[in-house]
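The values are calculated or read from the model by the stated rules, or taken from the named source; none is laboratory data. Nothing here was measured: the structure is a model prediction, and the numbers come from that model. FYI the Cβ positions are ideal-geometry reconstructions off the backbone, even for glycines, and counts take in every protein chain you see. Surface accessibility is based on the protein's heavy atoms, side chains included, excluding ligands, DNA and RNA. Shrake-Rupley method; radii C 1.70, N 1.55, O 1.52, S 1.80 Å.
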Amino acid sequence: MPVDLTGTFLRLGDGRPALRFTRTYGHPVDRVWHVVTDPDELARWFPFRAEMDLRPGGTIAFRGETGAEEFTGIVLAVDPPRHLSFAWGGGELHFDLEELDEPDDGHTRFTLTDVLAAEDTAARNGAGWEVCLAALDALARGERFEGPHAGVHAPWKGFYEAYVAAGVPSGAPIPGQD
């Protein structure tokens, strides 16, 4: 079954490879910020449960699926409720929230930029983010997301194959598959 890819592979101004995803949600920026930073809300769509010390240099503790190894990240920048970035697993994540004006008052543009530790992780990460962001999209609509949104049992494979077919760099190991 064909899938629609929403991520864009790009190079940042400093040459680092990245993936970027943008969504518009019918919620005020404060509500979307809460979904990005509250551990209980985050666990409903993000690949890990995360407890955050929301200040530059603060630690983020990530816990994954049962049996998955815990790890930490470091907050790089925070400007509530507009920006959060942190280092994790050799890469960085940047969340940017922009309150939209007329005719979209009360809506927020959400942009996730995954700065990749290695270029060959682009297709793998893109596939994972497609599933996680589908869960976030459902949450924003007030719907329940059925099925896992992270891990080896999430429905990422079709997205992965589509990213590879689109020429997005690939080849990195896939946890639980290699």
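Some notes on this structure:
- Qualifying residue in region 12-24 (condition: free of Cβ contacts under 8 Å to residues at least 60 places away in the same chain, part of a strand (DSSP E or B) and under 22 Å from Ala138 (Cβ atoms)): no
- Enumeration of residues in region 45-62 that are modelled with pLDDT under 90 and out of contact with any Phe, Trp or Tyr (no Cβ under 6 Å at 6 or more places or on another chain): Pro47, Arg49
- Single residue of Val115, Val35, Val75 found to be surrounded by 13 or more Cβ atoms within 10 Å (Cβ to Cβ), among the β-branched types (Val, Ile, Thr) and at pLDDT below 95: Val35
- Residue match in region 41-50 (condition: loosely packed, with under 13 Cβ neighbours inside 10 Å and on the phi < 0 side of the Ramachandran plot): no
- Total residues in region 63-102, condition in a loop (DSSP other than H, G, I, E, B) and closer than 14 Å to Ala117 by Cβ: 2
- Checking Arg55 against (1) under 15 Å from the mean Cα position of the chain (by Cα); (2) open to solvent by 30 Å² or more (accessible area, probe 1.4 Å); (3) more than 29 Å from Arg144 (Cβ to Cβ), the condition it does not meet: (1)
- Set side by side, the residues Glu102, Glu70, Glu98 differ, and just one is open to solvent by 80 Å² or more (accessible area, probe 1.4 Å) and within 27 Å of Phe9 (Cα to Cα), which is Glu98.
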